[in-house]
1. Residue check: is A:Leu87 at the interface with chain B (Cβ under 8 Å from one of its Cβ atoms), farther than 23 Å from B:Asn140 by Cα and either in contact with a helix residue (DSSP H, G or I) (Cβ under 6 Å, 6 or more places away or on another chain) or surrounded by 14 or more Cβ atoms within 10 Å (Cβ to Cβ) (or both)?
2. A:Lys121 is checked against (1) of a type in the set (D, E, K, R); (2) within 12 Å of chain B (Cβ to nearest Cβ); (3) surrounded by fewer than 19 Cβ atoms within 10 Å (Cβ to Cβ); (4) not in a loop (DSSP other than H, G, I, E, B) and fails just one. What number does that condition carry?
3. When you scan segment B:79-112, how many residues do you find that are more than 19 Å from the chain's Cα centre (by Cα), loosely packed, with under 10 Cβ neighbours inside 10 Å and not charged (D, E, K, R)?
4. Residues being under 16 Å from A:Lys140 (Cα atoms), in contact (Cβ under 8 Å) with a residue 40 or more places away in the chain and in a helix (DSSP H, G or I): count how many of those fall in segment A:97-118.
5. Is it fair to say A:Lys145 is under 24 Å from B:Met179 (Cβ atoms) and basic (Lys, Arg)?
6. Can you name the number of the only condition in (1) surrounded by fewer than 17 Cβ atoms within 10 Å (Cβ to Cβ); (2) at pLDDT 75 or above; (3) under 23 Å from the mean Cα position of the chain (by Cα) that B:Glu56 fails?
7. Across segment A:19-52, which residue is surrounded by the fewest Cβ atoms within 10 Å (Cβ to Cβ) among those that are of a type in the set (A, V, I, L, M, F, W, C) and in a loop (DSSP other than H, G, I, E, B)?
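The values are calculated or read from the model by the stated rules, or taken from the named source; none is laboratory data. This structure is a prediction, so every number in the text was calculated from the model and none was measured. Neighbour counts run over all protein chains shown; Cβ positions are idealised from the backbone, glycine included.
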Amino acid sequence: MAKFNRKGKGGTPAISTASLPDIVFMLLFFFMVSTTMREVDLKISVKLPEATEIKKLEKKSLVSYIYVGAPIKAYQEKFGTEPRLQLNDELSQISDIVTYISAEREKMDENDIPFMTTSIKADMEVKMGIITEIKQELRKASALKINYSSRKAL
Amino acid sequence: MARPIQEINAGSMADIAFLLLIFFLVTTTMDVDSGITRKLPAIQHEDQPKPPDVKERNVYIVLINQHNQLAVEGELMPVNKLCDGVKEFIKNPQDNPNLSEKKEDAVDIPFFGMMELSKGVVSLQNDKGTSYHKYIEVQNELVRAFNELKDELSMKKFGMTYKDLDDERQKAVRKVFPMSISEAEPRNIGGKK
């Protein structure tokens, strides 16, 4: 029996943590590669509607975004609770859309302009009045390819 | 005096890596952008000729009022029946005089030969007070109807779904069932607000 008990004094040996940095680095690289930085700071709350027949937007550089929704709590004092639209970082008026679209178009490569898409990210509680006005403005700016952003319904 | 080179303590490496990891975890957004893609009509100038009028039987009128109710061809309809309604209207297998007409001249389409195409157009109108999620729901149903038509046709002809066909076959199928959804110029229906 004594033969087996020889090492039995030390309790459980400590687990080596030497490989921990490697594991963490692996995770770190995964997130670094897969990450896309949030481009805009949303001042309005947007909860997208659900749909089943959705298509992915392929090239992000071809897409410009229009956000529509009610201002978040911090801005409600200043802007009220009526749905507003946000272009880039600022709450804007409907009439700003034409300027915004031409500015976006300017930034693009000439060959890409026909493929330009405008993604409307609107809150599901918004009324159609504002959406229709936006669509009319987009027609005026001749940005005709649009995408109603929505989540995949399960 | 050959002193051994001191080893750098790597113990805090994990902490640094963790810090970076948490930073990226917080700032990351994994969502891919997706949605229903539509094309808006170009704006109609006054000096341009008006598009030809479409016969009433060829237009499938879908209205949504400010209470999010759906009226199809003048009658109330639940959203889940809309998809089948549109398919029936476009296909019109029994040549029902109330549903869409076929074009007078058959068109030659690659892979299919001479085909009689439907003249049917779905017209979607909404009120200012319609909520956006109802509108998307209806749009979704309309797109689904056309996608199912395409899928059925490709299943019958090629034994594959539309998605799995090659580009030329997809184009041919698209020609048989073009996505003919038109949206009316905005106006107030269902009373003023």
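1. no
2. (3)
3. Going through segment B:79-112 one residue at a time, the tally reaches 4.
4. So the count comes out to 4.
5. For A:Lys145, the condition - under 24 Å from B:Met179 (Cβ atoms) and basic (Lys, Arg) - is met.
6. (3)
7. My answer is A:Met37.
Each row is one residue, and each column tells you yes or no for (1) more than 11 Å from chain A (Cβ to nearest Cβ); (2) surrounded by fewer than 17 Cβ atoms within 10 Å (Cβ to Cβ).
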position	(1), (2)
B:Thr27	no, yes
B:Thr37	no, no
B:Gln44	no, yes
B:Glu73	yes, yes
